[in-house]
Amino acid sequence: MSEKKKYSFKCLEQNCTNRVCCTRPHVSVTIGDLARWSAQGYLDHILPGVTINVPKSEGESFSMETIRKPLNGDGKEGESAGDACIFFHKESNACTIRYSRPISCRTFPLLYNGEKFVLSDKSCPGIGQGEVTKEALKEARDLAEQEYHERMETVAALPAVYALIMSHMLRQSAEAMKNLSEEDRKKLEEIMSKTPAKEENTGVQDDSQEGASAN
Ligand code: SF4
Ligand code: SF4
């Protein structure tokens, strides 16, 4: 049975005319998404497309989201108008990880902000399409609430996760240095002394630096 509700929605998928879900400036990823991808065996495949943003100032928080890519070949990364989520495939107008999208994509455009349900982007052409049953509406709201709680938990957990990743990386590079022969170590020191400092692509992003995944 269907009934008229405030929120009716049907995703137009590959027939969508604007894919605002995939071109929104931030596609958040939660610790819950990581856990799900890990359990499903997709983590190694999806994780390279995810980045952690380090706060630039005291008022900001850590966040985790999908990396951006320019939509057009001549676009510059970091430009919101021409960017999309790295998993968006423009030619087929589809998501390449449709089988296990982040929870923020599954709830889009319905968003729970901790107090009420809102539409995060009214230009999504799926809004007003189809009819939503009472059960489907409840399901959509439950998922939006879950997304909100996962997002909040992720913001709280990210500083510790970041510290863990950094200490793991430091341990790995210390280990690698230990295993270098004296000759290789000298060569490396020589190279380092001539090479200007450059950010390594670690999947962890410091917003204070220009980078491939900057937002
Ligand atoms: S969620 Fe909205 S914007 Fe995204 S594909 Fe579906 S209809 Fe289009
Ligand atoms: S993960 Fe897929 S659905 Fe979500 S924003 Fe990226 S391309 Fe779009």
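Throughout, read-outs are computed from the coordinates displayed, never taken from laboratory work. As the structure is a computational prediction, the values presented were derived from the model and not from experiment. When we count neighbours, we look across all protein chains shown, and the Cβ atoms used for this are built from the backbone with ideal geometry, even at glycine.
Things worth noting here:
- The relative contact order of the range 13-166, computed from alpha carbon pairs under 8 Å that lie at least 6 residues apart in sequence, is 28 percent.
- Neighbour counts of other Cβ atoms within 10 Å put Ser61, Ser120 in the fewest-to-most order Ser61, Ser120.
- Within the range 94-145, trypsin sites (Lys or Arg not before Pro) in DSSP loop having at most 14 other beta-carbon neighbours inside 10 Å: Lys116, Lys122
- Loop sites in the range 11-78: GluC sites (Glu not before Pro), DSSP, at most 12 other Cβ within 10 Å: Glu58, Glu60
- Averaging the Cα positions of each part gives two centres, and for the range 9-62 and the range 84-133 these lie 11 Å apart.
- If you take all other residues with their beta carbon under 11 Å from the beta carbon of Glu13, and give Lys and Arg +1 and Asp and Glu -1, the sum is +3.
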